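S.K.: Can you read through this structure? Questions will come right after.
The values are calculated or read from the model by the stated rules, or taken from the named source; none is laboratory data. None of these values were measured; they are calculated from a predicted model. Positions of Cβ are backbone-derived with ideal geometry, glycine not excepted, and every protein chain shown enters the neighbour counts. Calculation scope for accessible area: heavy atoms of the full protein, side chains included, ligands and nucleic acids excluded. Shrake-Rupley method; radii C 1.70, N 1.55, O 1.52, S 1.80 Å.
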Amino acid sequence: MDAAANTAVEIVALTKQYSVDIPPAVDQIDLRIASGSYCCLLGPSGCGKSTTLRMIAGHETVTHGDILLENRNITRLAAAARGTAMMFQSFALFPHLSALDNVAFSLKMKGVAKAERHRRAAELLERVAMGHLAQRKPGELSGGQQQRVALARALITEPRVLLLDEPLSALDPFLRVQMRAELRRWQKELGLTFIHVTHSQEEAMALADTMVVMNHGLIEQVGSPHEVYNFPGSEFVARFMGGHNVLQTAAGPIAVRNDHMKIAPAEQAGASGLAATITDVEYQGTYVLLGLQLAEAPPGTKSVAVLLHESDFLARPFVLDQQVLLSWDEAHARVLRPGAQRPAPRKAQPPKTRRDELAAMAG
Ligand code: ADP
Ligand code: MG
């Protein structure tokens, strides 16, 4: 039972079907999220991230399956009774209320007396280093300060799990990078479990202990940013994470990181590999990115990219329209699966052990 003891949220065969004539938005997904971890749900628009988060929050009904919080089945509990709290896009603070009243708001709704709710709100604002600005309105606070107020407001219900749906996506790029560092720091300091939805692989890699890559309502891969980036399991993950070339070989599709590609002038003695032409040379500072077209591109192979360290490029520059040969070490090639498969129709599927256990728990 060790795994269960360290699990904050467990999702079992979770399914959301908005309408019978379209595929499920979330299709029988299974997932365990470790206590005190930063988990990012990552995937393209429409893949089912927000639906999954809203089902955990209790803002969306579940079609099939179960959600457990610290081994308690919360699938059919009201949102306020779950032990979760939600932080929304661009923090969604009430502009006419002070920071203190924003934080105290949900206690007011619960009928907690003014002195008590102000005491607890002030305590939380101290905790996120905002005590001295408690009387300011959101418009008088910086982006970072507003984020801390939003965090305090979510924490006042003493949640076990904080849910965040694209909290940074409305911010300008500079502020977004600052704010994500703050989120990460607060998550570690508070020791809470965060589940953060984003469509940005860069944001997920910067924040997550565990990344859950979704596509078409299915989970493609779960792992640390290092694992997912270095060992993409499927063609979809390799393409979505970026930084990889997906190459068709006799052994099937493989992924090779752009910076693991070897490139040599076609006329260089002893050079071998795939013939290609340089179509783009982009200076990026630390790196130079080369775009290439393969001479014999199998169907489905798009252009290939090679990332060279600036010093390597300067030592031996490549130029537009140059003929080159591309190769890679076998050790750097990752064999790919085609992608996550839709589960078989439920009738045909043998029951899962965990699902049976839960059914038994429910009596
Ligand atoms: P994401 O957050 O990954 O962008 P969503 O979970 O919002 O994706 O949506 C997943 C799929 O479910 C999409 O095809 C979307 O159009 C559909 N969907 C989302 N919300 C609803 C709804 N309330 N009614 C019907 N379809 C919905
Ligand atoms: Mg969404």
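S.K.: Separation between the residue 279 and residue 335 pseudo-spin-labels, each 7 Å from Cα along Cα→Cβ, expressed in nm?
M.R.: 3.0
S.K.: May I ask you to order 149-158, 272-281 by the average number of other C-beta atoms within 10 Å around their residues, highest value first?
M.R.: Numbers: 149-158: 21.4, 272-281: 15.8.
Descending packing order for the listed peptides: 149-158, 272-281.
S.K.: Within straight cross-link reach of residue 188, meaning Cα distance under 13 Å, which aspartates and glutamates are found once same-chain residues fewer than 8 apart are removed?
M.R.: Hits, sequence-local ones excluded: 209.
S.K.: May I ask you to list the GluC sites (Glu not before Pro) in the stretch 260-310 that are in a DSSP loop and have at most 10 other Cβ atoms within 10 Å of their Cβ?
M.R.: Filter output for the stretch 260-310: 267, 296.
S.K.: Could you work out the relative contact order of the chain, using alpha carbon pairs under 8 angstrom and six or more residues apart, expressed as a whole percent?
M.R.: For the chain, the relative contact order is 16 percent.
S.K.: Could you order peptides 324-337, 31-44 by the average number of other Cβ atoms within 10 Å of their residues, highest first?
M.R.: Descending mean neighbour count gives 31-44, 324-337.
S.K.: If you don't mind, another one. Treating the beta-carbon of each Lys and Arg as +1 and of each Asp and Glu as -1, no other charges, what is the dipole magnitude of the stretch 89-205 about its Cα centre, to the nearest 20 debye?
M.R.: 440
S.K.: Which of the aspartates and glutamates could a cross-linker bridge to residue 16, judged by Cα under 18 Å and excluding same-chain residues fewer than eight apart?
M.R.: By straight Cα distance, residue 16 reaches 27, 30, 60, 66, 165, 220.
S.K.: I've got another one for you. How high is the relative contact order of the stretch 244-335, in percent, counting Cα pairs under 8 Å that sit 6 or more residues apart?
M.R.: 39
S.K.: Next question, about the same structure. How much accessible surface area, in Å² rounded to 10, belongs to the heavy atoms of residue 54 with a 1.4 Å probe?
M.R.: 70
S.K.: Would you mind telling me the antiparallel percentage of the DSSP bridges in the chain, rounded to 5?
M.R.: Around 70 percent antiparallel, to the nearest 5.
S.K.: Binning every alpha carbon pair distance of the stretch 1-124 at 10 Å from zero, what are the percents per bin?
M.R.: 11, 34, 30, 20, 4, 0
S.K.: Once the dipole of the chain is set up with Lys and Arg at +1 and Asp and Glu at -1 on Cβ about the Cα centre, which of 134, 319, 174 lies farthest towards its positive end?
M.R.: Toward the positive end, the furthest listed residue is 134.
S.K.: Can you give the accessible area per residue of the stretch 244-335, in Å², using a 1.4 Å probe?
M.R.: 55
S.K.: Say the cut-off is 27 Å between C-alpha atoms; which of 108/137; 114/137; 110/137; 49/262 go over it? Present the calculation step by step, with values, prior to reporting the outcome.
M.R.: On the way: 108/137 18 Å; 114/137 18 Å; 110/137 22 Å; 49/262 37 Å.
Pairs exceeding 27 Å: 49/262.
S.K.: Another one. Hey, got the dipole for the chain? About the Cα centre, +1 on K and R Cβ, -1 on D and E Cβ, debye to the nearest 20?
M.R.: Details: 37 positive and 37 negative charges, 345 e Å.
Result for the chain is approximately 1660 debye, rounded to the nearest 20.
S.K.: A further question on this structure: Return the Rg/Rh ratio of the chain with Cα-based radii and a Kirkwood Rh.
M.R.: Here Rg/Rh amounts to 1.06.
S.K.: So what's the back-of-envelope 222 nm ellipticity for the chain, counting only DSSP H runs of four-plus at -39500 (n - 2.57) apiece and dividing by all residues, rounded to 500?
M.R.: After summing the helix terms and dividing by residue count, I get -8500 deg cm²/dmol.
S.K.: To continue, here is another question. If you stretched the chain out fully between residue 157 and residue 361, how much longer would it get, using 0.36 nm times the residue separation minus the C-alpha to C-alpha distance?
M.R.: Difference between extended and current length: 70.7 nm.
S.K.: Taking 0.36 nm per intervening residue step and subtracting the Cα-Cα distance, what contour gain separates residue 323 from residue 286 on full extension? Intermediate values should be presented prior to the final figure.
M.R.: Details: separation 37, 0.36 × 37 = 13.32 nm, distance 2.42 nm.
So the extension gain works out to 10.9 nm.
S.K.: Residue 342 versus residue 227, label points 7 Å from Cα toward the beta carbon: distance in nm?
M.R.: Going by the 7 Å Cα→Cβ label model, 2.8 nm.
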